[in-house]
Amino acid sequence: MSDKNYLLSLIREGEHQQQDFKYRVSDACKLARSVSAFANTDGGRLLIGVRDDGNLSGVRSEEEIFMMHQAAYKYCQPEASIKFDTYHVEGRTIVIATVSPSDKRPIRAKDEDGRMRAYIRIDDENIVASPVHLALWRECQKAQGVMITYNDSISKLFAVMRYKLTLNQIVRLSKLPRQRVITLLARLIRFGNVRWEYVDQKFLFSLFP
């Protein structure tokens with residue numbers, strides 16, 4: 001398959017959970033968010049020099065290429081695993097940045113204020129990771145296994161989670177400390193007792209039936 005046909009086949013897929021289009025690179029921080037989101041989820045690729053409508057614009061300067069590397073290696077901590085491939089199609093230069101899923105989550109990206117925040121990828125959006133994501137990643141990286149015991153705290157959680165609730169709603173209804181709820185939800189998700197979904201820009205938690 002020629003470079004052109006390969007690139008056009010990717011563009012036909014549109015933007016989705018593992019693919020994002022970037023018309024141009026004018027801000028390394030914004031690019032770093034996509035790198036963080038892909039690394040913290042299922043991996044993916046950035047087609048740089050491609051407009052949102054799929055038309056080719058091309059990478060226009062060495063400065064854009066420099067910012068791509070900055071996004072991956074300076075604006076993400078720890079560094080993300082990323083590979084750059086350059087294609088020349090119709091007189092334009094297109095760069096595909098392929099990001100591998102990380103085993104060192106969270107990969108955090110520096111924002112405009114210098115804060116480090118972790119992102120995840122849901123459909124075609126980069127979403128700030130919730131406190132439960134951060135707790136779940138910590139749980140999964142523990143050297144030793146984690147046991148979960150049915151106790152009063154678990155009982156209180158189960159009692160209120162008959163419906164889909166936000167983290168704040170669970171904290172309020174269960175009357176448990178917020179950090180305790182976050183830790184328990186992360187463990188219950190890990191063991192398959194609780195499911196979560198992203199609806200109307202909110203994470204909702206509920207018990208598996």
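The values are calculated or read from the model by the stated rules, or taken from the named source; none is laboratory data. Source: prediction; values computed, not measured. Note that we place each Cβ from the backbone using ideal geometry, even for glycine, and neighbour counts take in every protein chain shown. Accessible surface areas use protein heavy atoms only, side chains included; no ligands, DNA or RNA. Shrake-Rupley method; radii C 1.70, N 1.55, O 1.52, S 1.80 Å.
Can you tell me which residue in region 127-144 is modelled with the lowest pLDDT, limited to those that are under 16 Å from SER102 (Cβ atoms) and crowded, with 20+ Cβ neighbours inside 10 Å? This residue is LEU136. Considering region 114-126, the residues that are basic (Lys, Arg) and part of a strand (DSSP E or B) include one that is least open to solvent (accessible area, probe 1.4 Å), namely ARG121. Being in contact (Cβ under 8 Å) with a residue 60 or more places away in the chain, surrounded by 20 or more Cβ atoms within 10 Å (Cβ to Cβ) and outside any helix (DSSP H, G or I) is a property that PRO101 lacks.
Applying the condition of being in contact (Cβ under 8 Å) with a residue 24 or more places away in the chain and among the aromatic types (Phe, Trp, Tyr) to region 182-209 and asking which residue is most open to solvent (accessible area, probe 1.4 Å) yields PHE191. For region 70-97, what are the residues that are open to solvent by less than 80 Å² (accessible area, probe 1.4 Å), farther than 22 Å from TRP137 by Cβ, under 19 Å from the mean Cα position of the chain (by Cα) and not hydrophobic (A, V, I, L, M, F, W, C)? Listed by number, the list holds a single entry, GLN70.
Residue check: ASN168 meets all listed conditions (1) over 22 Å from GLU125 (Cβ atoms); (2) under 22 Å from the mean Cα position of the chain (by Cα) but one, namely (1). Checking each residue in region 18-31 for being open to solvent by less than 60 Å² (accessible area, probe 1.4 Å) and either touching a Ser or Thr at 6+ places or on another chain (Cβ under 7 Å) or part of a loop (DSSP other than H, G, I, E, B) (or both) picks out ASP20, VAL25, ASP27.
Given the structure, is SER34 within 13 Å of the chain's Cα centre (by Cα), closer than 24 Å to TYR198 by Cβ, among the hydroxyl-bearing types (Ser, Thr, Tyr) and open to solvent by less than 20 Å² (accessible area, probe 1.4 Å)? Here the answer is yes, as SER34 does meet what is asked. Restricting the first member to region 54-75 and to residues that are in a loop (DSSP other than H, G, I, E, B), and the second to residues that are of a type in the set (D, E, K, R), the beta-carbon pairs closer than 6 Å and six or more apart or on different chains are SER57/ARG51; GLY58/ARG92; TYR75/LYS110. Count of region 160-181 residues, restricted to those that are within 19 Å of GLN201 (Cβ to Cβ), touching a Ser or Thr at 6+ places or on another chain (Cβ under 9 Å) and either open to solvent by less than 30 Å² (accessible area, probe 1.4 Å) or of a type in the set (Phe, Trp, Tyr) (or both), is 3.
Residue-level check: of (1) within 30 Å of VAL132 (Cβ to Cβ); (2) in contact with a helix residue (DSSP H, G or I) (Cβ under 6 Å, 6 or more places away or on another chain), TYR87 misses just (1).
Every listed requirement among (1) open to solvent by less than 60 Å² (accessible area, probe 1.4 Å); (2) farther than 25 Å from VAL128 by Cβ is met by LEU157 save one, (2).
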